[in-house]
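The values are calculated or read from the model by the stated rules, or taken from the named source; none is laboratory data. Worth saying up front: this structure is predicted, and the values here are computed from it rather than measured. Positions of Cβ are generated from backbone atoms using ideal geometry, with glycine treated the same way; all protein chains shown enter the neighbour counts.
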Amino acid sequence: MSILLDRATRVLVQGITGRVGQAQTRWMLEYGTNIVAGVTPGRGGQDVEGVPVYDSVSEAVSEQEAEASVFFVPAPFVKDTVFESVEAGIKLIVVVTEHTPVHDAMEVKEYARRHGVRIIGPTSPGIITPGEAKMGIMPGNMFAPGRIGVVSRSGTLSYEMSADLMAAGLGQSTVVGMGADPVVFTDLPELLALFEKDPGTDAVVIVGEVGGVQEERAAEFIGREMTKPVVAYIAGRSAPEGKRMGHAGAIIQGGLGTYESKAEAFRKAGVEVADSPMQAAELVRKLV
Amino acid sequence: MRLYEHEASALFATEGIPVPESKAVASAVEARRVAEELGPPVVVKAQVLAGGRGLAGGVRMAGSPAEAGEAAAQLLGSTIRGMPVDRVMVARRVEVARELYLGVTVDGYKGLPRVILSAEGGVSIEGLARTHPERVASRPVSMVQGLRLFEARQMAREAGLVGGQTVQVAAILHALYRVFRRYDALLAEINPLACTPEGQYMAIDAKLEIDDSSLYRHTELGIDPEGRIDNPLERMGRQIGVTYVDLDGEVGTISSGAGLGMASMDIVGRRFRPANFLETGGAITEELLYQAMGLVLHKGGLKGVFINLYGGINPIHEGARGVVRYIQEHGVTIPVVAKALGNRQEETWEILRRGGVHVVTDVETEKGVEELFRLMEEGTR
């Protein structure tokens, strides 16, 4: 079992004819993802790695019954591409694109809520259900099937965390890179709720980082509603105040978004906080 | 990207926010002339992108053009909270009976703009919201509907304003929201909004931070973001296309992701001090890593470099060539340890090893960092 994505999910790739889109389509197909169509406006009729390309999402949906979409479109087009996809009936979107304007992200988040569509990202490495399918850019060899759910704000640390779990003998049910922009479309508590309900997940690892309040809100949710064990790691303990640490959302400002605030919130909710991804993997192994 | 006060103030004025007449100048002579034109008394304000400017002595009152010239002469060339002052703003002085706070910011968790108004300005709004939440009116605004004028009036009443004040202040708050939307701001703030003894309102400070990801659609501002970065190494980082944060330490770090970069820095920090944070993002090329090596090693005195890469979207084998080329061309003698995993990892290891880089094939970042510590202690490369 898994959340959001499995081997049957009919996946559409948007921006499939670009350099990154093509390369990632090949990796996703090799991993076993059921990619049924691609879209690049103006390139309909071509194919990429044997996947038919359409001019519009509505064609991809009506011809190939695409239900989920992964975006490799340039940042200025993310907003419009979401509108097109949602209107065509897509129910799950993964936005890999970096540097989406924050005001566009706010507009999209409000729109997605009103339409009941799940969007992951922006700046997400994707979603992977190991051994079944992946929508995104995660290197497949860092993951193994199993029963631990992983949610990470960082892309690269989602790989490291999963590989550390593997080294500890633990596979993953699903790994979600939620993105680390100041505004993300799906918040940490929402993803925890999905793992809580998933019969294929025994425990969850959160990979957080400094900036924002996702971890604090997640801690409130865990204290209130979660029964499965949760372990956390938070990156950026040594980050100076007032600097954006690579991710637009990873900034400590006016004393908000600090490591201490997040670690304390987790501990109060009964969540053990590890000092590194490796230590987090060891803590999980003791819990399950 | 933060704008300077004089830039933000000019943009506020175009949306109809009342601001004092002012001009930004770069010399004491000009400051004196502007003070004459405006008519004293004036305020001379250092144009730096630092908070707490007033407390640090960056705001001077001048009763005459000569005093304005003197104040400018003292401020220009000095530093305020570590930031060099190369421009001052000379503004007509406004008599202040009362100060208010107006702000629009991004509520990251809600994913909506948040409009904030308080009848107590000139203070830290975060502090006031903690100690006296009832004195701060604050609400999220729908991106679809925007801030309605009547909502702004409701907020003014909530903050304790009465009668005609609510109408005037609501109009300014509404204009501030328009500035926020129009320029893709992360923060638009007036702190304080002055109320004169005659009951006129005027923004006597102006703060505007624009979302870096939106700068491509704000060429009308004619602003070069690189020029705003005071730290030369951080500026160089932006020029070559990486995020570099300068720290005071002896171990350089290069990572292919922000989270990985922070984790590397944290783990290095257990025993040594990281010299920097450097994150490449998802566009690694041979040239990018060649330049990243140059940037990290730019400041002398480093004792080692730790490289932490994942090949998801990134062609790490190309990056490896850049690292090796830099080491060979510049005769690097300190130990360089690399952990590089993901797509095409074996090819990457081979390139790095041939170029004299110590490759760690473990997945755990601490094992790579420990290998670097060991080499640093041995004093070998």
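Quick rundown of the values:
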{"item": "Residue selected from region A:19-35 under the condition within 12 Å of another protein chain (Cβ to nearest Cβ) and surrounded by 18 or more Cβ atoms within 10 Å (Cβ to Cβ), by the criterion nearest to A:Ala60 (Cα to Cα)", "result": "A:Gly21"}
{"item": "Tally of residues being under 24 Å from B:Phe180 (Cβ atoms), hydrophobic (A, V, I, L, M, F, W, C) and more than 7 Å from chain B (Cβ to nearest Cβ) across region A:106-128", "result": "3"}
{"item": "Residue within region A:128-142 that is among the acidic types (Asp, Glu), in contact (Cβ under 8 Å) with a residue 24 or more places away in the chain, at negative phi and assigned by TED's automatic domain parsing to the domain that holds A:Ala280 present", "result": "no"}
{"item": "Qualifying residues in region A:52-72 (those that are under 24 Å from the mean Cα position of the chain (by Cα) and assigned to a strand (DSSP E or B)) - the one farthest from A:Arg7 (Cα to Cα)", "result": "A:Phe71"}
{"item": "Residues that are more than 19 Å from B:Ala283 (Cα to Cα), surrounded by 23 or more Cβ atoms within 10 Å (Cβ to Cβ) and among the hydrophobic types (A, V, I, L, M, F, W, C), drawn from region A:71-89", "result": "A:Val82"}
{"item": "Enumeration of residues in region A:80-103 that are free of Cβ contacts under 8 Å to residues at least 12 places away in the same chain and within 13 Å of chain B (Cβ to nearest Cβ)", "result": "A:His103"}
{"item": "Hits in region A:229-288 (condition: under 23 Å from the mean Cα position of the chain (by Cα), assigned to a loop (DSSP other than H, G, I, E, B) and hydroxyl-bearing (Ser, Thr, Tyr))", "result": "A:Thr258, A:Ser276"}
{"item": "Which numbered condition A:Thr174 misses (of (1) more than 13 Å from the chain's Cα centre (by Cα); (2) touching a residue at least 24 places away in the same chain (Cβ under 8 Å))", "result": "(1)"}
{"item": "Answer residue from region A:230-245, given it is facing another protein chain (nearest Cβ under 7 Å) and surrounded by 24 or more Cβ atoms within 10 Å (Cβ to Cβ) and is farthest from A:Lys286 (Cα to Cα) among those", "result": "A:Met245"}
{"item": "Among the candidates A:Ala219, A:Ala144, residue that is within 14 Å of chain B (Cβ to nearest Cβ), surrounded by 19 or more Cβ atoms within 10 Å (Cβ to Cβ) and more than 19 Å from B:Leu260 (Cα to Cα)", "result": "A:Ala219"}
{"item": "Number of the condition not met by A:Ile93 [criteria: (1) assigned to a helix (DSSP H, G or I); (2) crowded, with 24+ Cβ neighbours inside 10 Å; (3) outside the structural domain of A:Tyr233 (by TED's automatic domain parsing); (4) hydrophobic (A, V, I, L, M, F, W, C)]", "result": "(1)"}
{"item": "Some residue of region B:72-83 being closer than 30 Å to A:Gly212 by Cβ, among the hydrophobic types (A, V, I, L, M, F, W, C) and in contact (Cβ under 8 Å) with a residue 24 or more places away in the chain", "result": "yes"}
{"item": "Any chance B:Val29 is surrounded by fewer than 20 Cβ atoms within 10 Å (Cβ to Cβ) and part of a helix (DSSP H, G or I)", "result": "yes"}
{"item": "B:Ser64, sole failed condition from (1) at pLDDT 95 or above; (2) outside the structural domain of B:Arg32 (by TED's automatic domain parsing)", "result": "(2)"}
{"item": "Index of the failed condition, B:Arg354 passing every other in (1) over 28 Å from A:His99 (Cβ atoms); (2) touching a residue at least 60 places away in the same chain (Cβ under 8 Å)", "result": "(2)"}
{"item": "Which listed residue is more than 9 Å from chain A (Cβ to nearest Cβ), part of a loop (DSSP other than H, G, I, E, B) and crowded, with 21+ Cβ neighbours inside 10 Å, from B:Ile307, B:Ile313, B:Ile223, B:Ile284", "result": "B:Ile284"}
{"item": "Unmet criterion (only one of (1) touching a strand residue (DSSP E or B) at 6+ places or on another chain (Cβ under 7 Å); (2) at pLDDT 95 or above; (3) not aliphatic (A, V, I, L, M)) for B:Gly294", "result": "(1)"}
{"item": "Filter result (modelled with pLDDT under 85 and either crowded, with 19+ Cβ neighbours inside 10 Å or touching a strand residue (DSSP E or B) at 6+ places or on another chain (Cβ under 7 Å) (or both)) within region A:253-288", "result": "none"}
{"item": "Selected residue (only one of A:Gly169, A:Gly131, A:Gly179, A:Gly149 is closer than 19 Å to A:Ala280 by Cα, more than 8 Å from chain B (Cβ to nearest Cβ) and in a loop (DSSP other than H, G, I, E, B))", "result": "A:Gly169"}
{"item": "Options B:Asp266, B:Asp248: the member that is of a type outside the set (A, V, I, L, M) and in a loop (DSSP other than H, G, I, E, B)", "result": "B:Asp248"}
{"item": "Filtered residues of region B:121-131 (kept if assigned to a loop (DSSP other than H, G, I, E, B) and either hydrophobic (A, V, I, L, M, F, W, C) or touching a Lys or Arg at 6+ places or on another chain (Cβ under 6 Å) (or both))", "result": "B:Val123"}
{"item": "Sole exception among (1) of a type in the set (Asp, Glu); (2) crowded, with 18+ Cβ neighbours inside 10 Å; (3) part of a loop (DSSP other than H, G, I, E, B) for B:Glu67, by number", "result": "(3)"}
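Each row is one residue, and each column tells you yes or no for (1) under 19 Å from B:Lys207 (Cβ atoms); (2) modelled with pLDDT under 95; (3) not hydrophobic (A, V, I, L, M, F, W, C).
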residue: B:Lys45; (1), (2), (3): yes, no, yes
residue: B:Ala50; (1), (2), (3): yes, yes, no
residue: B:Gly54; (1), (2), (3): yes, yes, yes
residue: B:Val88; (1), (2), (3): yes, no, no
residue: B:Arg92; (1), (2), (3): no, no, yes
